[in-house]
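Every number in this text was worked out from the coordinates using simple rules, so none of it is lab data. This one's a predicted model, so the numbers in the text were calculated from it and none came from an experiment. No Cβ is skipped: glycine too gets one built from the backbone with ideal geometry, and neighbour counts run over all protein chains shown.
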Amino acid sequence: MIALKITGLGSFMSRLFSGNTFDSFLLAEGTLRMGVTWQVDGKLNRDFFDKSTWEDPSQRPYDYAAWSQVRPSLRELIRGKKAPASFQFILHLKPELTEDLLRKEGDSELLSCVGALVLTIRYKDGEATLLSGISMKSFTINKNADILWDKAIRRFLQSKGIAFEPLS
C-alpha cells in the first residue's frame, strides 16, 4: 500500500471529474460532503434492472457502476463556486484489467487470491491523496500483488501527467 499526495490539484480535479482518465475503474463507494453529504453505493441494484439486462454480461458486465457512468452526476453535484468540504471515492480497477495486470506478473496464485485492486481518492482541506490497496479473496503471505499494484499506480499517474509525491 502506498499513500500519495497530489501536487497539481486543479489538473487532477479536472481529470477526475471531467476527463476519462479514471474510466478504467468502477466506483465501489463514495462520500461527497458539501452543504449536505451525498453517499453513493456503487453496487448495482438488481431490482432496478429487468431480468434479461441483469443476466446479460454484455449489458451489465460488472457488479459496480463504471466511474464513467457516475462521473457526470458527481460533476454536477460539485459544480459551482465553492469546493466540496471533502470527498472520498473507493475505486476498483475493472476486473479484466486486474486480470491482465496480474497475468503479466506470471503468478497464478495472485489470480486466485486477489479480489480487486483498489484506489482510494480522498480530498479534504484543499488536499487530495491517493491510497492503493488490495481486496483479497483469500489469505496469502505473497506480497507480489501489493508491490505490482503500487508500481502500476505510480506508472498510471505519470502516464496521465498527474503530479504526485509520497505522503509524509
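Values as computed for the structure displayed
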quantity	calculated
Sites Asp125 and Lys51, calculated FRET efficiency, Cβ-Cβ separation with R0 41 Å, nearest 0.05	0.30
Label-point separation in nm, Leu111 to Ser58, each point 7 Å along Cα→Cβ	2.5 nm
Modelled FRET efficiency - R0 22 Å, Glu99 with Ser14, Cβ distances, 0.05 increments	0.15
For peptides 44-53, 117-126, sequence by mean Cβ density within 10 Å, most packed first	117-126, 44-53
Reach of Lys160 by Cα under 23 Å, taken over lysines that are not fewer than 8 positions away in the same chain	Lys5, Lys94, Lys104, Lys124, Lys151
Separation in nanometres of the label points that stand 7 Å from Cα toward Cβ, at Ala85 and Asn144	4.6 nm
Value of [θ]222 nm, deg cm²/dmol, for the chain, DSSP H segments ≥ 4, -39500 (n - 2.57) each, nearest 500	-10000 deg cm²/dmol
Local electrostatic count, Gln88, Cβ distance below 14 Å [Lys/Arg +1, Asp/Glu -1]	-1
